[in-house]
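Input: a single structure, listed below in C-alpha cells.
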Amino acid sequence: MNLEKMMETYKRENSVTPREEKILETIQKSKEIVMEVQSENTMSYTEFLFSQFRLIRKRWWMLQAMLLVLVFLIMPSLKDTTYFMRMLGVASVFFIVMIIPEFWRNKESNSCQIEVTCLFSLRQIYSARIFLIGIVDIVMLTIFLTVACINMKMQFTDLLVQFLFPMVIAAGICFAMLNCSLLNEATSIVGCFLWGGIWWRITMNNAIYGNIVVPIWIMLFVFAICFLFCAVYKTIHGCNRFLEVSCYEITNG
C-alpha cells in the first residue's frame with residue numbers, strides 16, 4: 001500500500017503538461033529527419049527505370065520475338081496467296097495481346113495499393129513500364145519491318161496497312177480498356193480479338209479493301225496513332241482512378 005501511495009504521489013508531483021508548440025516542433029523535426037534520410041537513399045530516374053525493367057516479366061518479350069520470327073518464316077510461302085493479309089493482321093493482334101497480361105498485372109493482383117505508397121507515384125510507375133515495353137517493342141518491330149522490306153522486297157506501305165495499322169488499333173483498344181476500372185484482362189483480350197475478326201473481314205472484302213487508296217490508308221494510320229496516344233495518355237493520367245486505388249482513397253500523385 002505504501003508503494004502505491006508513493007507512486008500516486010510521484011505522479012502528482014511530476015505531472016507534465018504538454019505544450020502544443022513543443023509537440024509541433026517535434027513533429028516538424030521528425031519530418032525533416034525522415035526527408036533527409038529519404039533524400040540520401042532516393043534512387044535516380046535511371047535506377048528507377050532499371051528497377052521497373054527488372055520487374056517486367058521477360059517471357060512476353062520472348063513470345064513476341066518468337067511470333068515475329070514465325071511470321072517471317074511463313075511469309076515466303078503465303079506472299080502470293082489470299083491468306084497473306086489475314087496472317088499479317090492476325091499476327092499483329094497477337095503481338096499486342098501478348099503484352100496485355102503485363103499491363104493488367106497490377107490491377108489483377110491489387111498491387112496498386114502497395115505502389116501508391118512508394119516514393120515514386122503510381123503515374124510514374126505506369127509511365128516507366130509503358131516506356132520500357134514500348135521501346136523494346138519498337139526495336140523488335142523495326143528489325144522485323146526492315147528485314148521484311150529487304151529480304152521479301154515488300155513495300156513499307158503494304159506492311160503499314162497489313163501489319164502496323166491493325167496492331168496500333170489493337171494497342172489503342174488495350175489501353176482504352178485498361179483505363180476502365182470496370183473491365184478486366186479477359187475483356188481486353190476479347191476486345192482485341194473482336195477487332196482482329198473485323199479486320200479479317202475487311203481484308204477479305206475486295207469491295208472495301210481494294211478500293212481504299214494509299215492516302216486514305218495513311219490518314220487512317222494517323223488516326224490510329226492519335227487514338228493510341230489518347231488511350232495511353234488517359235491510362236497514365238487516370239491510373240489513380242483505378243478501382244483498387246479509389247476505393248481506399250490512397251494516392252501519391
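The values are calculated or read from the model by the stated rules, or taken from the named source; none is laboratory data. Predicted model, so just to flag it, every value in this text is computed and none were measured. Every residue, glycine among them, receives a Cβ derived from its backbone with ideal geometry; neighbour counts consider all protein chains shown. To get the accessible areas, we keep the full protein, side chains included, count just its heavy atoms, and leave off ligands, DNA and RNA. Shrake-Rupley method; radii C 1.70, N 1.55, O 1.52, S 1.80 Å.
Can you pull the Rg over Rh of region 175-223, Cα-only, Kirkwood?
When Rh is taken as the Kirkwood radius, the ratio is 1.13.
Run the accessible area of region 129-241 with a 1.4 Å probe and give the carbon-and-sulfur part as a rounded percent.
So the carbon and sulfur contribution to the accessible surface is 75 percent.
Residues of region 128-150 with amide nitrogen under 14 Å from the 7 Å Cα-to-Cβ point of residue 72?
139-150, by backbone N distance to the label point.
Obtain the radius of gyration and the Kirkwood radius of region 145-242 from its C-alpha atoms and give Rg over Rh.
Rounded to two decimals, Rg/Rh equals 1.04.
Restricting things to alpha carbons, find the Rg to Rh ratio for region 144-186 using the Kirkwood radius for Rh.
Result for region 144-186 is an Rg/Rh of 1.24.
Mind giving me the FRET efficiency for residue 190 and residue 7? R0 is 51 Å, r the Cβ-Cβ distance, nearest 0.05 is fine.
Calculated value: 0.10.
Applying a 10 Å radius around every beta-carbon, put 229-235, 174-180, 218-224 in order of their mean neighbour count, most first.
Ranked by mean Cβ neighbours within 10 Å, highest first: 174-180, 229-235, 218-224.
Roughly what would the spin-label model give for residue 213 and residue 46, points 7 Å off Cα along C-beta, in nm?
For residue 213 paired with residue 46, the spin-label model returns 5.1 nm.
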